[in-house]
């Protein structure tokens, strides 16, 4: 009897421990608000010779981003990270709209204001509407989503809560994607999960020229 009681207590605690998904879906991340960044982004004025070499090699649209300028604090890390990041964002097998659905959803789940703000800007540039953005926030149960978009958003939710995409979602993705694209769904979500952790933990600030997206108040 005592053994069964202990088992029940452990099972009841699993959702709180983040080991299984709750019925209501993934809980949102709750990063602490920071008045100043823990790691200050490099500027052209503050850069060392090695840092300046890396920044000067970037496209102007990238070198002004605080995510890039923060990576530049450690040029060896920046150089190692960049090829993979470039592949995921620029040359992967995923259609741009599908890619941004994945990126926005994982950013929202992590409540990464910097990541979500930048990718709302990217998404709007390829035709996302305000309603599309709100559907990403609501997730796969949002009204008005097509079946494939539901599967993409649910894949993100499952990867975050149980590190696995189940057969039902995988089967829907297979109706449109080949093996390379299926692999890219996982690595795109993973890349931006890491980036969200990085931005949240280092306190990377949204640029002065960008309008921060409001995050969840729940």
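The values are calculated or read from the model by the stated rules, or taken from the named source; none is laboratory data. This is a predicted model, so every value here is computed, not measured. Don't worry about glycine lacking a Cβ; one is built from the backbone with ideal geometry, like all the others, and counts go over all protein chains shown.
Of note:
- All positions within region 39-51 that are more than 23 Å from residue 197 (Cβ to Cβ) and surrounded by fewer than 16 Cβ atoms within 10 Å (Cβ to Cβ): 43, 44, 45, 46, 48, 49, 50
- If the condition is being surrounded by fewer than 16 Cβ atoms within 10 Å (Cβ to Cβ) and within 17 Å of residue 105 (Cβ to Cβ), then region 191-203 contributes 194, 197.
- Extreme residue, nearest to the chain's Cα centre (by Cα), among residues of region 52-72 that are surrounded by fewer than 17 Cβ atoms within 10 Å (Cβ to Cβ) and part of a loop (DSSP other than H, G, I, E, B): 64
- Filtering region 174-188 to residues that are under 21 Å from residue 77 (Cβ atoms) and surrounded by 20 or more Cβ atoms within 10 Å (Cβ to Cβ) leaves only 188.
- Residues within region 177-208 that are more than 14 Å from residue 67 (Cβ to Cβ) and not assigned by TED's automatic domain parsing to the domain that holds residue 160, tallied: 1
- Extreme residue, farthest from residue 32 (Cα to Cα), among residues of region 204-218 that are surrounded by fewer than 15 Cβ atoms within 10 Å (Cβ to Cβ) and touching a helix residue (DSSP H, G or I) at 6+ places or on another chain (Cβ under 9 Å): 211
- Residues being part of a helix (DSSP H, G or I) and within 11 Å of the chain's Cα centre (by Cα) - total across region 92-116: 15
- Here residue 84 does not qualify as outside the structural domain of residue 195 (by TED's automatic domain parsing), part of a helix (DSSP H, G or I), more than 15 Å from residue 190 (Cα to Cα) and in contact (Cβ under 8 Å) with a residue 24 or more places away in the chain.
- Qualifying positions in region 145-170 - over 20 Å from residue 95 (Cα atoms) and over 18 Å from the mean Cα position of the chain (by Cα): 166, 167, 168
- Test: residue in region 31-42 that is under 16 Å from the mean Cα position of the chain (by Cα), at pLDDT below 95 and not assigned by TED's automatic domain parsing to the domain that holds residue 127: yes
- Screening region 173-218 for residues that are more than 20 Å from residue 92 (Cα to Cα) and outside any loop (DSSP other than H, G, I, E, B) and picking the one that is farthest from the chain's Cα centre (by Cα) gives 202.
- All positions within region 119-136 that are touching a residue at least 60 places away in the same chain (Cβ under 8 Å) and surrounded by fewer than 21 Cβ atoms within 10 Å (Cβ to Cβ): 121
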